[in-house]
Amino acid sequence: MLTIKTIFLIANSDGAIFNFRQTLIRKIVTSGHKVVTISGSSVEGSYRKKLEDLGVHKHVELNFSGAQISPLPFISLIYSISKLCRGFNPDVVHCFTHKGCIAGALAIFLSRSKKARVIFTITGLGRIFTSNGLVNIVLRQLITKLYLFLCLRAYRVFFQNPDDAELFQRRCRLDEK
């Protein structure tokens, strides 16, 4: 007998979830599981209806603004996701993008979920890891330390780019498995 699982998909924008995770969503839904998407809204407008048409149980829009580096909106984001975790009690939390991965994983740990398995898909390291401006250097150090802590507690970590995987193995001491 199939046990219905609740799977969270977390990313910076609903457009990214819709455009790049349609196949995954369809597979999860046709397997009889419940998908909850959590993201910011895309600059081109909301994808809520398109996500619901794919079979998403609920889409939640939160403030994932990429332009902000202030800690208060980020703490608020973590708290909001943590409340959703307590409400939905997900079995799997699959996170994409830096902000999605870090906020999603911290929220799971704060919600004290014992069953949720956290999966990261590192879609790309982006300008924080490639630019050497002072702000990016500081953010890179902070993000690396957070990933070091969170990746070791994640169920799985996937990389879309082999160079990113190599960098993470060096900086975050991840092993290949």
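The values are calculated or read from the model by the stated rules, or taken from the named source; none is laboratory data. Since we're looking at a predicted model, the values are computed, not measured. For neighbour counting, all protein chains shown are included, and Cβ atoms are generated from backbone atoms with ideal geometry for every residue, glycine included. Heads up: the accessible areas ignore ligands, DNA and RNA and are worked out on the full protein's heavy atoms, side chains in. Shrake-Rupley method; radii C 1.70, N 1.55, O 1.52, S 1.80 Å.
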**Asked** Heavy-atom accessible area per residue, the stretch 1-130, 1.4 Å probe: how many Å²?
**Response** 50 Å²
**Item:** Solvent exposure, largest accessible area first (probe 1.4 Å, DNA, RNA and ligands not counted), of D14, D91
**Value:** D91, D14
**Request:** Please go through the residue pairs K27/K50; K5/K115; K27/K83; K58/K145; K34/K145; K50/K114 and name each one whose alpha carbons sit more than 22 Å apart in this structure.
**Result:** K27/K83; K58/K145; K34/K145; K50/K114
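Could you tell me the calculated FRET efficiency between R86 and L148, based on Cβ-Cβ distance and R0 = 30 angstrom, to the nearest 0.05? Mind showing how you got there, number by number?
Details: r = 26 Å, r/R0 = 0.87.
Calculated value: 0.70.
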**Asked** So what is the relative contact order of the chain, in percent, for Cα pairs below 8 Å that sit 6 or more residues apart?
**Response** 19 percent
**Asked** Using a 1.4 Å probe on the protein chains only, how many percent of the accessible area of the stretch 42-139 belongs to carbon and sulfur?
**Response** 58 percent
**Asked** Which value results when the Cα radius of gyration for the chain is divided by 2.2 N^0.38 Å?
**Response** 1.00
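What number, rounded to the nearest 500 deg cm²/dmol, is the helix-based mean residue ellipticity at 222 nm of the chain, given -39500 (n - 2.57) per DSSP H run of at least four residues and division by all its residues?
Per the formula, -15500 deg cm²/dmol.
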**Asked** Which shape class, rounded, prolate or oblate, goes with the stretch 1-86 when its Cα gyration tensor gives a ≥ b ≥ c as root eigenvalues, a/c under 1.5 marks rounded, and past that a/b bigger than b/c marks prolate?
**Response** oblate
**Item:** Neighbour-limited loop hits for GluC sites (Glu not before Pro), the stretch 1-62 (at most 16 other Cβ within 10 Å; DSSP other than H, G, I, E, B)
**Value:** E44
**Item:** Computed over the stretch 24-74: relative contact order in percent, which uses C-alpha pairs under 8 Å that are six or more apart
**Value:** 39 percent
